[in-house]
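Quick notes on the structure that follows.
Rule-based calculations on the coordinates, nothing more; no lab input. The shown structure was predicted, so the numbers you read here are calculated from the model rather than taken from an experiment. A quick note on method: Cβ atoms are made from the backbone with ideal geometry, for glycine too, and the neighbour counts reach across all protein chains shown.
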Amino acid sequence: MRDAVRFMLGDELVRVSGISASLSVLDWLRGTARLTGTKEGCNEGDCGACTIVLVRPRHGRLDYRAVNACTLLVGMLDGAQVLTVEHLADGARLHMVQQAMVDAHGSQCGFCTPGFVMSLYARAKQPKSERVDAAEALAGNLCRCTGYAPIIRAAAMIDAHEAPDQWDRRSKETLARLEALHDGTTLCLGDGDTCFMAPASEDELAHLLVQHAGGKDAGRPTLVAGNTDVGLWINKKLMRLDPIFWLGGIDSLKQIAESNDHIEIGAGVTYSEAQAKLVGLFPETGALITRIGGVQVRNSGTVVGNIANGSPIGDMSPLLLAAGASLGLRRGEHRRKLALDEFFLSYGVQDRAPDEFITHVSVPRLKPGAVLKAWKISKRADQDISCVMMAVWLDYDGARINDIRLAFGGMAGVVCRARACEARLRGGPWTRQTLAAAQAQLREELQPISDMRASAGYRLDVACNLLERLYIETVERAPTRLPDASLA
Amino acid sequence: MKPMKFGIGQAVRRVEDVRLVTGHGRYTADEIPEGALRAVFLRSPHAHAAFRITDTSAAKAVPGVRAVYVAADFADVGDLPCNAPMPDAKGKVMPLPPYPVLAKDVVRHVGDAVAMVIADTAENAMAGAEAIAIDYQEKPAVSDMHRAIAAGAPLVWPQFGSNVAVAAVMGDKAKCDAVFASATHVVEVEIVNNRLVSNYMEPRAAIASFDAATGGYQLISGTQGVHNTRGLVAKIMGIEPEKLHVVNHDVGGGFGTKGFVYREYPLLLKAAQKLGATIAWVSDRSEHFVADAHGRDNLTKATMALDGEGRFLALKVDILGNMGAYLSQFAPYIPWLGVTMATGPYDISVFYGEMRPVYTNTVPVDAYRGAGRPEAAYVLERLVDACAMKLGLARDAIRARNFVKPSQMPYKTATGRTYDVGEFEGAMRQALSKADYAGFAARQAASAAKGQLRGIGFASYIECTAWGSGEEGSVQLDEDGNFTVLIGTQSNGQGHETAYAQVVAQSLDVPLERVRVIQGDSQKVKSGNGTGGSRSIPVGAAMLNQASEKLAVQLKELASDVLEAAVSDLEIIEGRVIIGGTDRAISFAEIAKLPKATPERRLAVASFSPPEATYPNGTHVCELEVDPETGAVKLLRYTICDDFGMSLNPLLLAGQVHGGIAQGIGQALLEGVTYDDNGQLLSATFMDYCMPRAEDLPSYHFETRNVPSITNPLGLKGAGEAGSIGSTPAVMNALIHALSARGVTHIDMPATPAKIFAALR
């Protein structure tokens, strides 16, 4: 076991030990490293003022990702290169990204600027073919001064004038240095009071969890993958978490395995990594999947983590529920498979023992004749919580519904299926009459709450309308299906 | 004015930016010295409660905790001031409720501060705050203004017998009523102006220290003017202003809200003195939602009397202004400022206005970008559209018919203001033409074919900026040949270092890097009135222009001896004084070294006090689409034609306008503070308070149609707030236009999909 986290800070190799398990990268950068360019705007991953770039080896090259430093724990930097806004200029010469921000008047008060610079930088590091549009790349960054248009213009300037920077020129060397840090040992970081464990393998994780559970006075272990949600427990609820087990050191959990009838997404796979595969599986949900959270959240957060925390308004769970997904769980040497439906027991409670972990989610491919559609209704397109989310898997032959799964988020204490409504639809003719009956059933079956996001009545109306949208898209306008820009 | 390479009118890049884009900006929280103690405030979770702190010993015993302070520890510290009490119709001034630096016995809103804990780290201070034993006895609370003014409502201040603080009036009611009685048409609207949170990206922070040797205090914070802060904080603390040194470094957005004196400042300074230590406090985002003043929150009834041709005969407004639980610095004056601009760009000779500030168990409300003028413009422009609809008149025609005409300038409004210049119809026509208003029908039909409701709407606004106090400052030639400006305004991100350097460059023809602008230090800069009301350019730049011209003459005088030429033969070109038409010249650096170039002769001081406000105006045009299936709104085009008198730096100017519009669009479609009926704040994070993001905002087309102001020598009009003033009515008028195809004639802000969806059914 290793007791120091090792990473590169800019060009410098850093070893950090003897720190609290829950120390955030933001606090470490600002407090210990005295790199104060990275700002705290909200400390909950919503504003992007703390955006930094993590560089990791991936398929033999360097992969640059914008992440929020506030919800990143120092231990999670293991084996990465950290680039902050201070690392971009080459001596007195501004980096092209910085120069574009100046030229476009993309900075006013300047407080959010470092975060925007780093988001634009990470975007510029993606191959041009994979580069998302600027508004999407910046969805995780808030600015209160500029109205964004100048920053969008800066992104266009960057696209028009790119050239290798000092980090590109050193990429071979950096790659070798980072690969050398990948030593296959388990990291155990702590200050004597709390402990951050990064097991190096799945077996090690299984073993350590069981061992910990058998220990005297053992606190409930917290499993962390991207820490985008658990980070809020630390920063906002001031929860003391000990021990923390981070899944990010386990290569086998970062795999996406594909077979003829399904794909398996490992527990360490981030949204960004899973995105293309999921869109490939369910092309009609593309607009939704590509806009979960902001870029920073998708780069840290994992598909499995979003399921595991059991949020009633998680965006991934309704989709996977409708898709008929199942989970692989492991406790010690014991493995089991669980239909996703059965995982969510009640609000805040899931079918997982404290020393058990999800290894992967298994997602069936669509069979011919079936579609998977999903719509999220929220006030804002990006980084917003759903008022209502509906996902539906529909197997139909144009006139008749062979089978259907309807899943909702935001309509109950857990993500749920509308089984009675499904039963109404299943086997029936797919007509306006059936639709009306199903809508009536939906109103009976679902009992959403009213809160500041939406009233119960609005939620029910929207749910029924989404069902109608399904009908319109699959029957009335079926030959020329609507494009999937269905974010509201 | 002669065009200078870096001078007035040039779209030069900002000199601030190099440090800001490289992460070298210095904000308060970046400047906390090693070893400083950290403060945390314990805040009320209840909207209204009697409380007793029963025990602080456990808190004091938390490792690292150095002190736990409650209200009784600051008996010698005064209350937070409200400097704008309003009189009623008889001239009787409203009574002011106490606003103690720490709540004593009763808390009146969620977030009201009850104790301060000082520890070696913020974590330990938080642990200390959690360990304070406190008994709350909840009392009935009221958050909604309608409920607050109803009979039997819980009283925020029982001693006043009512939650209505005062009824301030303007105009002659009887005369107004008479006009209404004989008018052909009467049109009325009732408008909600939703409560907003400033949400500057830099949360407030402060570093307080005390020097026992000199008895001097220092406060480092992000404010909107060090001198105002110094004066008010010193007064609260009962010390001489000279004993307090206030410093601002970079300020990460202000929008008016950072301009007020807040309780944390005197408390931190007092604690620094008691402990003989430097103490830092950094607000977190959720604390910002409950500890910093909110904005807007008015309910207004507005009524217009019209003749048969659609001429405006008289206007009545009746405003309820939510003050929150305490009176913040300018609170009751903000809606009143709106009253003074109630007639907008229109020639309305008869006016009656009533404004009632209302107490509720909510966070205090004060100025936020625009401060009263956005509220007024929103009400008026909604009303004007309602008039057009009722009378069946075109929206541009009814405005054109009623605008104050250029020939009427200077124009005295029925609310007592004097507009110096303005060509309101010119700006409106130009904006509508740029927005292709005429071609809208075809675009609307194309949208309809896709099942979308398309609307176009606009708003013609006028606002007032840069009224009241003046500014004194200086520019000096330094010994190294560079220039230093001292000025008491405070950039919060507007780019003053650049704008002021341009003013100096106009007279002295030097690159901007050679002009150092010093602001935000109450010792280095002798006096100042800070930034607010869009005054920094129309007052500050006008003053600095005088100083620079004066210095140019002084430098020519110094040069004339050496060059043996008359001052009238000398010119300033590219950092040198030169004899016109020759190559004989002396550089500024050389002048600075002349024996005669005493500090006095290298320094020019000027002061400028505006005789009257400036009146920026213009028209915003918004075009949007509504998806009737979901209520989602998509902004398609946004066009602005503004009159800012003169454009000092078109780049910075556009930045101010864009940013203001972003806040206006946010207010119109997304943002809103939500309290439940018990005064519990439901929207205290970025997850729950919907801030606009990149995808939510359109790109804008902005142009100016300037008519120079005659109230300052440069013809400037303030531009910092205009964007937030024209935008909410433009967006909402466009939205109602879109929805009117389905019979909807009214919707309130924020027009969320849920609200629109409901309105369509």
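With a simple spin-label model that places each label point 7 Å from the Cα along the Cα-to-Cβ direction, the separation between B:VAL93 and A:ARG131 comes to 6.1 nm.
Each pair of Cα atoms in the range A:370-476 enters the Kirkwood radius, and Stokes-Einstein at 37 °C and 0.692 mPa s then converts it into a translational diffusion coefficient of 237 µm²/s. Counted residue by residue at 0.36 nm each, then reduced by the alpha carbon distance between them, the extension gain from B:LYS450 to B:LYS173 reaches 94.7 nm. Each residue of the range B:585-597 was assigned a 3J(HN,Hα) from its phi angle through the Karplus expression (A = 6.51, B = -1.76, C = 1.60, θ = phi - 60°), giving 8, 9, 7, 4, 4, 5, 4, 4, 8, 5, x, 6, 7 Hz with x at Gly and Pro. Highest mean first, the peptides A:192-205, B:355-368, B:618-631 sorted by other C-beta atoms within 10 Å per residue fall in the order B:355-368, B:618-631, A:192-205. Over the protein assembly as shown, DSSP H runs of length four or greater, each weighted -39,500 (n - 2.57), average out per residue to a 222 nm ellipticity of -8000 deg cm²/dmol.
Over the range A:89-164, all Cα pairs binned in 5 Å intervals from 0 give whole-percent P(r) values of 3, 17, 32, 27, 14, 6, 1, listed from short to long. Averaged over peptide B:754-761, the number of partner chain Cβ atoms lying within 10 Å of each residue's Cβ comes to 3.
Values of log10 I(q)/I(0) for the range B:120-176 across q = 0.12, 0.14, 0.28, 0.30 Å⁻¹ run -0.59, -0.68, -1.11, -1.19, by the Debye formula with one identical scatterer at each alpha carbon and no solvent. Across chain B, the mean sequence separation of Cα contacts (distance under 8 Å, 6 or more residues apart), normalised by length, yields a relative contact order of 16 percent. With the charge dipole of chain B set up from +1 on Lys and Arg Cβ and -1 on Asp and Glu Cβ about the Cα centre, the Cα lying farthest toward the positive end among the listed residues B:MET389, B:ALA234, B:PHE330 is that of B:MET389. Simple point charges give the picture: +1 on the Cβ of Lys and Arg, -1 on the Cβ of Asp and Glu, and for chain B a dipole about the Cα centre of about 1060 debye. Computed over the Cα atoms of the range B:485-563, the ratio of the radius of gyration to the Kirkwood radius (Rg/Rh) comes to 1.02. Compactness of the protein assembly as shown, taken as the C-alpha radius of gyration over 2.2 N^0.38 Å, stands at 0.95. Beyond 22 Å between alpha-carbons counts as too far, so tell me which of B:LYS243/B:LYS524; B:LYS90/B:LYS173; A:LYS236/B:LYS755 fall in that bin. Over 22 Å apart, Cα to Cα: A:LYS236/B:LYS755.
Take the Cα of A:SER455, step 7 Å toward its Cβ, do the same at A:THR434, and the gap between the two points is 3.3 nm. Modelled spin-label separation between A:LEU345 and B:SER469, with each label point placed 7 Å from Cα along the Cα-to-Cβ direction: 6.3 nm. Per-residue shielding of B:694-703, expressed as the average number of other chain Cβ atoms within 10 Å of the residue Cβ, stands at 6.
I'd like the FRET efficiency for B:ILE710 and A:LEU181, computed as 1/(1 + (r/R0)^6) with the beta carbon distance as r and R0 of 60 Å, rounded to 0.05.
Step by step, r from the Cβ atoms, then E = 0.30.
Starting from the range B:288-382, pick out the GluC sites (Glu not before Pro) whose DSSP state is loop and whose Cβ has at most 12 other Cβ atoms within 10 Å. Sites meeting the loop and neighbour criteria: B:GLU309. Straight-line reach from A:LYS367: which lysines have Cα under 23 Å away, leaving out those fewer than 8 places along the same chain? Within reach: A:LYS277, A:LYS337. Cα-based Rg of the range A:224-365 per 2.2 N^0.38 Å, rounded to two decimals? The range A:224-365 yields a ratio of 1.00. Under 17 Å Cα-Cα from B:LYS596, which aspartates and glutamates qualify once same-chain neighbours fewer than 8 residues away are excluded? Filter leaves B:ASP478, B:GLU479, B:ASP480, B:GLU557, B:ASP561, B:GLU564.
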